[in-house]
Each structure stands twice: as structure tokens, then as C-alpha cells.
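Read-outs: derived from the displayed coordinates by stated rules, not from any lab. Predicted, not measured: the structure shown is a model, and the values here were computed from it. A quick note on method: Cβ atoms are made from the backbone with ideal geometry, for glycine too, and the neighbour counts reach across all protein chains shown.
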Amino acid sequence: MSAMPENSPKTWLTYHLAHPGPDKAIPADPNCAIFYKGRYHLHYIYQSDDRKPSIADKGHSYAHVSSTDMVHWKWHPTVLTPPKTGHGMFSGTAFLTREGRPAIIYHG
């Protein structure tokens, strides 16, 4: 399951800048915004649009995009997905640890 739009050029301007979204999934609220090493990182909740048997069975995942200018976004692999059917990520935040490493806390 990927939140990255198919066949989009690297300089693709998102259809709405404040909430970049996938073309084959249902985007939801943005979470875990953080500025790290010269890039803005944003995670947003999405669900695949493969609704068989029902979208509720798929669970929410976190898509990850980053940008240097908040206009042109780079999609990263989706690595935060629910461990069990019917579970998912519903809210969260990003922060830097005392050691300066980015971290995410999410609720699901």
C-alpha cells in the first residue's frame, strides 16, 4: 500500500499545498509535522481506496512527505502501518529527542 501518486514528476505541485494527498487513497488529517535537517516533514493519515470488504477493515496508515519549500513535496515509503487489521494511527505528534533525533508518538 502506497500513498505516493502514480507517475507524478519530482517537481509536481500538490493539488492543495497545506495537505498533500495521494491519488489512489483517501487522505485525512495531517499529523507529526517537524522541521529536521533543512526539510519540513509531514505525516498524514490515509486509507487505501481498496474497499473490499470494507474500508474500516484496512486501518489508518501514516504517509510521509517532505519538502524544502512546502510547495514541492517528495513522497517517502509508507512504513507506519497498522500491525493488525482494524487498528491504525489516528493522531500523533513529532518532536526531537534530547539527542536531537526525530521521534513520533501516535495513538491508534
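Miscellaneous remarks
- With a simple spin-label model that places each label point 7 Å from the Cα along the Cα-to-Cβ direction, the separation between Lys37 and Thr93 comes to 2.4 nm.
- In this calculation the C-beta distance from Ser67 to Arg101 is compared with R0 = 22 Å, giving a FRET efficiency of 0.60.
- Going by neighbour counts of Cβ atoms within 10 Å, the residues Ile45, Ile105, Ile34 line up, fewest first, as Ile105, Ile34, Ile45.
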